[in-house]
1. Can you tell which of 476, 468, 424 is assigned to a helix (DSSP H, G or I), under 20 Å from the mean Cα position of the chain (by Cα) and modelled with pLDDT under 80?
2. Kindly check whether there is at least one residue in segment 367-382 that is among the acidic types (Asp, Glu), away from ligand 1 (no atom under 16 Å from the Cβ) and assigned by TED's automatic domain parsing to the domain that holds residue 420.
3. Kindly check whether there is at least one residue in segment 292-299 that is surrounded by fewer than 19 Cβ atoms within 10 Å (Cβ to Cβ) and β-branched (Val, Ile, Thr).
4. Could you please give the count of residues in segment 164-182 that are more than 6 Å from ligand 1 (Cβ to nearest atom) and over 22 Å from residue 134 (Cα atoms)?
5. Could you grab me the full set of residues in segment 133-156 that are modelled with pLDDT of 90 or more, away from ligand 2 (no atom under 16 Å from the Cβ) and of a type in the set (A, V, I, L, M, F, W, C)?
6. Which number in (1) more than 30 Å from residue 328 (Cα to Cα); (2) in contact (Cβ under 8 Å) with a residue 40 or more places away in the chain marks the one condition that residue 132 misses?
7. On the given criteria, is residue 331 among the charged types (D, E, K, R) and modelled with pLDDT of 95 or more?
8. Which residues, taken from segment 312-352, are among the hydrophobic types (A, V, I, L, M, F, W, C) and not in a helix (DSSP H, G or I)?
Amino acid sequence: MKQAKILIADDEAAITTGLSAILEDAGYAVEVVADGQKALDTLTVDRYGVVLADLKMPKLDGLALLRELQQRQIPTEAIIITGQATVDSAVQAMQQGAYDYIEKPLNAEKLNRLKALIPKALDKYEVQQKNRELASKLEGLTHYGELTGQSEAMRSVYQVIEAVAPSTASVLILGESGTGKELVARALHHKSDRAKGPFFALNCAALPKEILENELFGHEKGAFTGSTNEKAGAFEMASGGTIFLDEMAEMPTDIQVKLLRAIETRQIRRLGGKREINVDIRIVAATNKNLQKAIVDGELREDLYYRLAVVEIDLPPLRERADDIQLLANEFLARFSQQNSKTITGFEDAAWEWIMSYHWPGNVRELKNAVERAVIMSRSSTIGPNDIIPRHLRSGGEMPAALTIPVGATAAEARRQLVLRTFASTSGDAARTGKVLGLSEEDVRAELLTLLNGAGDASSTASADNGAELPAPRAARRQEPVATPARAASKKPSSKKGR
Ligand SMILES: Nc1ncnc2c1ncn2[C@@H]1O[C@H](COP(=O)(O)OP(=O)(O)OP(=O)(O)O)[C@@H](O)[C@H]1O
Ligand SMILES: [Mg+2]
């Protein structure tokens, strides 16, 4: 490991000489400067995990140094050294972000305390350094694994994936149908050290109980009538890799008990078997169900929930990610044009207006299918509203009659949502939307345009449209009625929800 670097800033030679000798003995690389300005210069050009700064120094005192470090966002942890008379200022230093302070005289007891403090401060520095690297690595990202998205919400999803992928912690992915839960599960696998191992996906809703159990745990020869062979289950086959339990809330409760045991012991027993088999597994689960309700209703064991949800990733619905809609639509257009050997250059304004205002209950999957259909239907070089708006929506039937505006939303945001929903409910008729809302047609168009223009410019709208102003509360999001087609228990794992 690299030697941790410490900077000592003090004008008393007796202190700096003694301290640097002690810290070098303890294995640190130590540098000494005699005033605050030199400390600042040194910290500007080079990285130090910890700076030990005297409160009273020439040129720039300890407090002023702290202020400069904060203002220039120079990463380091400051431990302030102070005379007894200046303890008040030391407290002030803590309030300004210093890691801690030590009072003079630096006797044996104080030195021991300092020696215990430094590794902790260095740990904090390292963690923050990692977070900074991660944030800058993911900043401006529009794609991650197979995921496309540049919204703040998706970037924080990328950040969580990046952070948890290397561990074996179980991850639970929540989100409405079609938000990309499976893609997130795959990204978790591919970004982990297990990427070379298998990725094994099982749809818990698609399989009858006996088959699911057999798929998960396997069986020995003769375990049940007709079992002439032994068979390894998903846990064994995916050992060294990742197992993806899709629609996990649909799992029968007695299988939940077995699963819980397997997660706790990292051992499984095949059906009809006596042997415990060790498995090395990372579990990723997904659901579009309201889990709090499933727990209350007794459908999901609470202890299993806590085992699976060590880390939770909440995928926001597409309608809350205006920044991504345009990006995804353009990407799907390019992909399906190529696949269908068509030269389609873009969407007409009226098509965009509808795309941006529709509430996309089937999320990315629905958008993808809509664009594919539009490409196939289109007879010109651009996609018009009639190509993209599904026939059953052209008469404006299937719109929710109410919309939810979270407390904390601005009036402008509320107005925009109302305009968008009404516009969609009139199948994209700006004049009628205006009439319904008591606005002029121009006002309606202007409102739609702000969203359209904004959506193309992530840097200026990412926070304004999706971030700070309109925090979608996690709990609220999960409790939203999930607008998906009814989930039949017999649904095939890969079947597309027909749209
Ligand atoms: N961010 C994204 N970027 C690109 N494609 C996406 C994205 N999210 C979803 N998709 C595409 O949308 C479709 C649905 O994604 P996926 O199967 O991962 O959704 P899901 O959340 O698992 O849905 P369900 O709950 O219905 O199983 C897939 O074709 C997938 O490739
Ligand atoms: Mg899925």
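1. Selected residue: 476, the only one of 476, 468, 424 that is assigned to a helix (DSSP H, G or I), under 20 Å from the mean Cα position of the chain (by Cα) and modelled with pLDDT under 80.
2. Looking only at segment 367-382, we keep the residues that are among the acidic types (Asp, Glu), and these are 372.
Those still in the list that are away from ligand 1 (no atom under 16 Å from the Cβ) too: none.
Checked segment 367-382: no residue is among the acidic types (Asp, Glu), away from ligand 1 (no atom under 16 Å from the Cβ) and assigned by TED's automatic domain parsing to the domain that holds residue 420.
3. Keep residues of segment 292-299 that are surrounded by fewer than 19 Cβ atoms within 10 Å (Cβ to Cβ), which gives 292-299.
Filter once more, so that each one left must be β-branched (Val, Ile, Thr): 295-296.
Yes, segment 292-299 has at least one match.
4. First, pick out the residues of segment 164-182 that are more than 6 Å from ligand 1 (Cβ to nearest atom): 164-174, 176.
The next check asks that each one be over 22 Å from residue 134 (Cα atoms); those that pass are 174, 176.
Number satisfying all stated conditions: 2.
5. 153, 154
6. (1)
7. yes
8. Taking segment 312-352 and keeping what is among the hydrophobic types (A, V, I, L, M, F, W, C), we get 313, 315, 318, 322, 325, 327-329, 332-334, 336, 344, 347, 350-352.
Within segment 312-352, 313, 315, 344, 347 qualify.
The values are calculated or read from the model by the stated rules, or taken from the named source; none is laboratory data. Not measured: the values here are computed from a predicted model. Neighbour counts are summed over all protein chains in view; Cβ atoms, including those assigned to glycine, are modelled from backbone coordinates with ideal geometry.
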